[in-house]
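The next block holds one structure in the form of structure tokens; read it before the comments.
The values are calculated or read from the model by the stated rules, or taken from the named source; none is laboratory data. Note that the structure is predicted; figures quoted are calculated from it, not measured. So basically every Cβ, Gly included, is an ideal-geometry build from the backbone, and we count neighbours across all protein chains shown. Only protein heavy atoms, including side chains, enter the accessible area calculation; ligands, DNA and RNA are left aside. Shrake-Rupley method; radii C 1.70, N 1.55, O 1.52, S 1.80 Å.
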Amino acid sequence: MTLQLDARIPAGPLAGKWDRHRFEMKLVNPANKRKYTVIVVGSGLAGGAAAASLSELGYNVRCYCYQDSPRRAHSIAAQGGINAAKNYQNDGDSIQRLFYDTIKGGDFRSREANVYRLAQISVNIIDQCVSQGVPFAREYGGLLANRSFGGAQVSRTFYARGQTGQQLLLGAYQALEKEIAKGGVTMFPRAEMLDLIVVNGRARGIVVRDELTGKIEPHLADAVVLATGGYGNVFYLSTNAKGCNATAIWRAYKRGAAFANPCYTQIHPTCIPVAGEHQSKLTLMSESLRNDGRVWVPKRKEDVGKSPTDVPEQDRDYYLERKYPSFGNLSPRDIASRAAKEACDDGRGVGPGGRGVYLDFADAIKRLGEDKIRERYGNLFEMYERITAENPYKVPMRIYPAVHYTMGGLWVDYNLMSTIPGLHVAGEANFSDHGANRLGASALMQGLADGYFVIPLTIGDYLASTKLEQVGADNAEVRAAVAEVERRTSRLLGIKGKRTVAQFHRELGRIMWEYCGMARDAAGLRKAMELIPQLREEFWRDVMIPGSGAELNQTLEHAGRVADFLELGELMCRDALHREESCGGHFRTEHQTPDGEALRDDEHFAYVAAWEYGGEGREPVLNKEPLVYENIKLSQRSYK
Amino acid sequence: MNLTLQVWRQPGPTAEGGLKEYKATDVSPDMSFLEMLDVVNERLIEKGEMPIAFDHDCREGICGSCGMMINGVAHGPSRGTATCQLHMRSFRDGDTIVIEPWRARAFPVIKDLVVNRGALDRIIAAGGYITAPTGSAQDANSIPVPKQDADASMDAAACIGCGACVAACPNGSASLFTGAKISHLGLLPQGQPERYRRALSMVAQMDIEGFGGCTLFGECQAACPKEISIDVISRMNRDFLRAAVTKPAERSGGGGDG
Ligand SMILES: Cc1cc2nc3c(=O)[nH]c(=O)nc-3n(C[C@H](O)[C@H](O)[C@H](O)COP(=O)(O)OP(=O)(O)OC[C@H]3O[C@@H](n4cnc5c(N)ncnc54)[C@H](O)[C@@H]3O)c2cc1C
Ligand code: FES
């Protein structure tokens, strides 16, 4: 049984595809829209924007999030900025350039048509956000300010201090609240989707557990959108919020939605290093810091114990500037992360355990003054000092790479529909636009493009061209899905073993980081694929979840998520093992150029790996969507 | 270091609650406050007991999920710091720490340290937005915004909606929260058309939700993890007064069917 992976890319020249598609899509009669119900799971940039926009169009929307308010979705934590091809700086930017940078940044593993559309829509996003009152940074003349971000040589990043995600999300959240007040959206906070309901091959609803009462109920609709974010927490330690999970997309996978490129993980180069065993999450220091900070380690191992100010200029190795003279400290994330790992593996890492490199602002402070630096990054510097008790105006920051973003996700076509008809996937939860590596400031752009501008139209096309039968709570497939969730919940609660959920989560994280992290090889991946099923088996035998299912039970919530990570982790390793090449964030040590750069194999691996669930105890099936490049030439990625 | 915790335990919204004592041993000064609670909770779980429930998510002071009264102070002793960013180096070996949920009429306790802050969402729904339906925007640079205004707007927009201002206020007022949103939007040209209407309906919603009135104690400003200035309340009051005095009658325009 192999899937038909039809990406449904519109015909015609690249630049006209989206326009043409918008014309060809079927429309729902305005008077009929309110008769349709659309479920949107997630209230982050992708989900919040989609839910608000669908309601503005007249659909009946139900929106879900696991936090107590939609405003707390993890998008809130994005710091650095959002890209758009506005070319306000007149520095040579264009839609074509943003498109090319994104494809190249993704190491030529993303779909041309989707990425081009993203670049086109990017300009509308900024307009939309400004009109909603997003207080982007401005110049004295009153016009919008920009900065540059890793992997780009133009200044196309819009930002609101170090809180861009917060301000964009508040824009979407306020639009959502406006629609809630109007009655177009019903919001379900503290509600966790635990399964997808598929009736006659179409997504028709979700099974939801109310976190306060523990009630498990079906919620039915005519179409479902998953905008549930990324799965970086499979590594336990990551820059994601503690609640970020794969549950929604993983259950959808087990109901038949293909999972694309699960192994593509982004390790962000600038995070605060791990301080000890108690560490519960890692904190990102925005990449924008690399605009003014210089990354270095001592040239000699003997100097790593010295105070950084005692290492003279000639004894420092500014390794990014040395290895990548044209991009220097602004090299893309995958490259900067690997270079940091190399320096530390070489014994030249600084700080506890030798797992850190310096990010030094001394030159920038000399050049621009402390005030200017404070204005640009004040809140980040404060955050750093609060965590480490060190003052980065005086001593260089110490940073180390950490898991940050997952490029993989559910496979979607040009309409952002998964392999299950009626199930659409938006934002970080899908695989669509970033290939094997995401450029900085591109996730916010993609989430909002999907949510404001793509989903509202493609959902309409789906509804207008599909005949849907009535489905009620008494439908056999609905009842089966609910029963399945109930069974699983009581099974988890019934184990009453000895080990905590967090212990299992940490252990899984260690396996993933060790064998499926920044550098991977076949032997390690095979090893992980032995260890993970063992750990999973122990989990289902020995995990301890106190309390019952009929109350607020945060341990139960965490356990359900970890149970899914314990399955997803294995699929990630399987995908990483099968991809016998290095590309973007996926670095196989067996495949590198003589100078240690990622070595792609376009002849054999220029495809999207879409994994299909094979059933309990059976291996998943690999399906391939070939990546066809008609408009750009594949090249060896170089930032030298 | 070793600490004694007195933690508010309450099994459910209608159940009775009380302080319970726990020992937190071998606490490292580099731990965050929530990491210290994680360790206490893991030990409780190992014994088969219910861990202490508390809201948290981002753990970097931006999502607004976390929040508790620590020795009677919202978010604890460090100024401008949310509970998740508070580090144990702010405490001393042997300290006793009393941990309670936000206390306010409009924030009923759900369980232990978890409260219901839905009222804050409803204040936003009452008018805390600019009506700009998707697709209707003009070019982002077509209306220049003086940098000072954009900066001041951003200062107010930094609110994370945690509710510390309400918890710290002797009257349980949500004025800092509401004033921050009214200022964020009211300082921008895009926010002008709905400015006075917004002030009226958001303030009205505060009353409906059972928040107390503001008597300018200033406790809110001291507790705010984003150090939002109490000036936003004056701005709210000005907009509200002006709106109340000049409240225009709204006429619905008939479009005809031409
Ligand atoms: C620290 C940090 C900084 C970043 N900085 C930048 C940046 O500067 N620029 C940039 O472009 N990108 C940045 N990113 C990436 C970017 O923020 C995210 O990729 C993006 O915001 C994801 O948005 P989303 O809408 O897809 O998901 P999220 O915002 O994660 O939202 C997920 C939603 O789904 C809900 N949900 C999840 N699971 C369930 C379930 N089972 N049931 C019910 N609801 C569920 C959640 O409650 C939430 O509402 C950053 C990421 C991090 C972690
Ligand atoms: S957990 Fe997000 S602000 Fe504290």
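Considering every residue within region A:54-76, establish whether at least one is within 14 Å of ligand 1 (Cβ to nearest atom) and away from chain B (no Cβ under 14 Å).
yes
Output the residues belonging to region A:166-201 that are within 16 Å of ligand 2 (Cβ to nearest atom), open to solvent by less than 10 Å² (accessible area, probe 1.4 Å) and not aromatic (Phe, Trp, Tyr). Walk me through it before giving the result.
Of all residues in region A:166-201, those within 16 Å of ligand 2 (Cβ to nearest atom) come to A:166-167, A:169-170, A:173, A:189-190.
If we keep only those that are open to solvent by less than 10 Å² (accessible area, probe 1.4 Å) as well, we get A:166-167, A:169-170, A:173.
Those that are within 16 Å of ligand 2 (Cβ to nearest atom), open to solvent by less than 10 Å² (accessible area, probe 1.4 Å) and not aromatic (Phe, Trp, Tyr): A:GLN166, A:GLN167, A:LEU169, A:LEU170.
Counting only residues that are at pLDDT 90 or above and within 14 Å of chain B (Cβ to nearest Cβ), how many does region A:348-370 have? Write out each step before concluding.
First pass over region A:348-370, keeping only residues at pLDDT 90 or above: A:348-351, A:354-370.
Narrowing the set further to residues that are within 14 Å of chain B (Cβ to nearest Cβ) leaves A:351.
Within region A:348-370, residues that are at pLDDT 90 or above and within 14 Å of chain B (Cβ to nearest Cβ) number 1.
Is it true that A:ALA84 is open to solvent by less than 10 Å² (accessible area, probe 1.4 Å) and without any contact (Cβ under 8 Å) to a residue 24 or more places away in the chain?
On the way: open to solvent by less than 10 Å² (accessible area, probe 1.4 Å): yes; without any contact (Cβ under 8 Å) to a residue 24 or more places away in the chain: no.
When the stated conditions are applied, A:ALA84 does not pass them.
For (1) aliphatic (A, V, I, L, M); (2) open to solvent by less than 30 Å² (accessible area, probe 1.4 Å), each residue gets a yes or a no:
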site	(1), (2)
B:GLY161	no, yes
B:GLY172	no, yes
B:LYS181	no, yes
B:SER201	no, no
B:MET206	yes, yes
B:GLY212	no, yes
B:THR215	no, no
B:GLU219	no, no
B:LYS226	no, no
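Identify, please: which residue in region A:149-183 is within 24 Å of A:CYS65 (Cβ to Cβ) and among the basic types (Lys, Arg) and is, among those, farthest from the other protein chains (Cβ to nearest Cβ)?
It comes out as A:LYS182.
Mind checking which pairs have a first residue in region A:514-535 that is over 19 Å from A:ALA563 (Cβ atoms) and a second that is of a type in the set (Asp, Glu) and assigned to a helix (DSSP H, G or I), Cβ under 8 Å, 6 or more apart or different chains?
A:GLY524/A:GLU514
Going by what's in this entry, would A:GLY80 be described as in contact with a Phe, Trp or Tyr (Cβ under 8 Å, 6 or more places away or on another chain) and not acidic (Asp, Glu)? Steps first, please.
Details: in contact with a Phe, Trp or Tyr (Cβ under 8 Å, 6 or more places away or on another chain): yes; not acidic (Asp, Glu): yes.
The answer is yes for A:GLY80.
Among the residues that make up region A:553-562, is at least one of them open to solvent by 50 Å² or more (accessible area, probe 1.4 Å) and of a type in the set (Ser, Thr, Tyr)? Spell out the reasoning first.
Going residue by residue through region A:553-562, those that are open to solvent by 50 Å² or more (accessible area, probe 1.4 Å) are A:554, A:558.
Filter once more, keeping what is of a type in the set (Ser, Thr, Tyr): none.
The answer is no; no qualifying residue exists.
Quick one: in region B:43-75, of everything that is of a type in the set (Gly, Ala, Ser) and within 13 Å of ligand 2 (Cβ to nearest atom), which residue is farthest from the other protein chains (Cβ to nearest Cβ)?
B:ALA74
Could you list all residues from region A:237-288 that are closer than 25 Å to A:ALA609 by Cα and over 15 Å from the mean Cα position of the chain (by Cα)?
A:ARG251, A:ALA252, A:TYR253, A:LYS254, A:ARG255, A:GLY256, A:ALA257, A:ALA258
So which residues in region A:583-602 are open to solvent by 20 Å² or more (accessible area, probe 1.4 Å) and in a loop (DSSP other than H, G, I, E, B), if there are any at all?
Initial filter on region A:583-602 (open to solvent by 20 Å² or more (accessible area, probe 1.4 Å)): A:589-595, A:597, A:599-602.
Hits for region A:583-602 are A:THR589, A:GLU590, A:HIS591, A:THR593, A:PRO594, A:ASP595, A:GLU597, A:LEU599, A:ARG600, A:ASP601.
Going through region A:311-325 one residue at a time, which ones are under 28 Å from the mean Cα position of the chain (by Cα) and not in a helix (DSSP H, G or I)?
Passing the criteria: only A:TYR324.
Which condition breaks for B:ARG122 when tested against (1) closer than 21 Å to B:ASN171 by Cβ; (2) open to solvent by 50 Å² or more (accessible area, probe 1.4 Å); (3) assigned to a loop (DSSP other than H, G, I, E, B)?
Exception for B:ARG122: condition (3).
Given the criterion within 14 Å of another protein chain (Cβ to nearest Cβ), crowded, with 24+ Cβ neighbours inside 10 Å, modelled with pLDDT of 95 or more and within 9 Å of ligand 1 (Cβ to nearest atom), identify the matching residue among A:ASN240, A:ASN233.
On the way: A:ASN233 fails: within 9 Å of ligand 1 (Cβ to nearest atom).
None of the other options fit; the residue is A:ASN240.
With (1) closer than 30 Å to A:ARG111 by Cβ; (2) away from ligand 1 (no atom under 13 Å from the Cβ); (3) modelled with pLDDT under 95 as the list, and A:ILE387 as the residue in question, which single condition is left unmet?
If we test A:ILE387 against (1) closer than 30 Å to A:ARG111 by Cβ; (2) away from ligand 1 (no atom under 13 Å from the Cβ); (3) modelled with pLDDT under 95, just (1) comes out false.
Only helices (runs of 4 or more DSSP H) wholly contained in region A:442-506 count here; list those with 2 or more residues that are within 14 Å of chain B (Cβ to nearest Cβ), on the phi < 0 side of the Ramachandran plot and open to solvent by 20 Å² or more (accessible area, probe 1.4 Å). It would help to see each step written out before you state the result.
Details: elements: A:443-448, A:455-464, A:476-495.
Per the criteria, A:476-495.
Just for region B:28-42: of the residues that are at the interface with chain A (Cβ under 9 Å from one of its Cβ atoms) and away from ligand 2 (no atom under 16 Å from the Cβ), which one is surrounded by the fewest Cβ atoms within 10 Å (Cβ to Cβ)? Can you show your working first?
First, pick out the residues of region B:28-42 that are at the interface with chain A (Cβ under 9 Å from one of its Cβ atoms): B:28-32, B:34-36, B:38-39, B:41-42.
Retained after the next criterion (residues that are away from ligand 2 (no atom under 16 Å from the Cβ)): B:28-30, B:39, B:42.
Working: B:SER28: 16, B:PRO29: 13, B:ASP30: 17, B:VAL39: 19, B:GLU42: 17.
Ranking the candidates gives B:PRO29 first.
Can you confirm whether A:GLU538 is open to solvent by less than 60 Å² (accessible area, probe 1.4 Å) and in contact (Cβ under 8 Å) with a residue 24 or more places away in the chain?
Values: open to solvent by less than 60 Å² (accessible area, probe 1.4 Å): yes; in contact (Cβ under 8 Å) with a residue 24 or more places away in the chain: yes.
Taking the combined requirement at face value, the residue satisfies it.
Results for (1) touching a residue at least 12 places away in the same chain (Cβ under 8 Å); (2) more than 16 Å from ligand 2 (Cβ to nearest atom); (3) out of contact with any Leu (no Cβ under 9 Å at 6 or more places or on another chain); (4) more than 14 Å from every other protein chain (Cβ to nearest Cβ), shown as yes or no for each residue.
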position	(1), (2), (3), (4)
B:SER183	yes, yes, yes, no
B:ARG195	yes, yes, no, no
B:MET202	yes, yes, yes, no
B:ALA244	yes, yes, no, yes
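Return the residues of region B:3-18 that are assigned to a strand (DSSP E or B) and not polar (S, T, N, Q); say none if nothing qualifies. Even if it seems obvious, please write down each step before you answer.
Residues of region B:3-18 assigned to a strand (DSSP E or B): B:3-9, B:18.
B:LEU3, B:LEU5, B:VAL7, B:TRP8, B:ARG9, B:GLY18, listed by residue number.
Considering only residues that are within 9 Å of chain A (Cβ to nearest Cβ) and more than 16 Å from ligand 2 (Cβ to nearest atom), which ones fall in region B:76-95?
Of everything in region B:76-95, just one residue is within 9 Å of chain A (Cβ to nearest Cβ) and more than 16 Å from ligand 2 (Cβ to nearest atom), namely B:ARG89.
Which residues, taken from region A:107-147, are touching a residue at least 12 places away in the same chain (Cβ under 8 Å), assigned to a loop (DSSP other than H, G, I, E, B) and over 18 Å from A:ILE95 (Cα atoms)? Can you show your working first?
Applying the first criterion (touching a residue at least 12 places away in the same chain (Cβ under 8 Å)) to region A:107-147 yields A:107-126, A:128-130, A:132-137, A:143-147.
Now restrict to residues that are assigned to a loop (DSSP other than H, G, I, E, B): A:107-111, A:133-137, A:143, A:145-146.
Scanning region A:107-147 gives A:ASP107, A:ARG109, A:GLY133, A:VAL134, A:PRO135, A:PHE136, A:ALA137, A:LEU143, A:ALA145.
Spot the failing condition for B:THR25; the list is (1) within 16 Å of ligand 1 (Cβ to nearest atom); (2) open to solvent by 30 Å² or more (accessible area, probe 1.4 Å); (3) of a type outside the set (Gly, Ala, Ser); (4) more than 9 Å from chain A (Cβ to nearest Cβ), and only one is missed.
Every listed condition holds for B:THR25 apart from (1).
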